[in-house]
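Before any comments, here is the structure.
The values are calculated or read from the model by the stated rules, or taken from the named source; none is laboratory data. The shown structure was predicted, so the numbers you read here are calculated from the model rather than taken from an experiment. Positions of Cβ are generated from backbone atoms using ideal geometry, with glycine treated the same way; all protein chains shown enter the neighbour counts.
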Amino acid sequence: MKKIAALMWGVAILLVVAACGSNGGSNQGISQEEMDNAENVTIVATNYQFDQTEYRIKKGEVYNIVLDNAEGVHGIEIKGARVKLDNANSSEYFKADKVGEYEIICNIPCGPGHASMVAKLIVEE
């Protein structure tokens, strides 16, 4: 019984540490000048939706991705782009190196409509 309890505590600690992971260091390789000239892309999150279904940006440019929690508590992850934002880290610079579509999801369970919080970041030529 003690072994099971210890194992469960270990798993719980591991999950907490994993949930607090870094944002992937996506500012690496971006110069200060690029950051100074970056255009903001603001993603506004309200309960169970983002303000847009698509956000379009140009390949080769640097953008400051900003999370604005207008209602509720949300975080975002841009899958494949190494961008994760929440209230503690609400902006991140991102260099759009590859043309394509990246899925944006809410990565903080926020209630019954959580699964519908999906949008796309589209990188165009």
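Residue by residue through the range 53-79, note down the ones that are surrounded by 15 or more Cβ atoms within 10 Å (Cβ to Cβ), closer than 16 Å to Met117 by Cα and over 12 Å from the mean Cα position of the chain (by Cα).
Tyr55, Asn69, Gly72
Within the range 46-68, work out how many residues are modelled with pLDDT under 95 and closer than 16 Å to Asn89 by Cβ.
Matching residues across the range 46-68 total 0.
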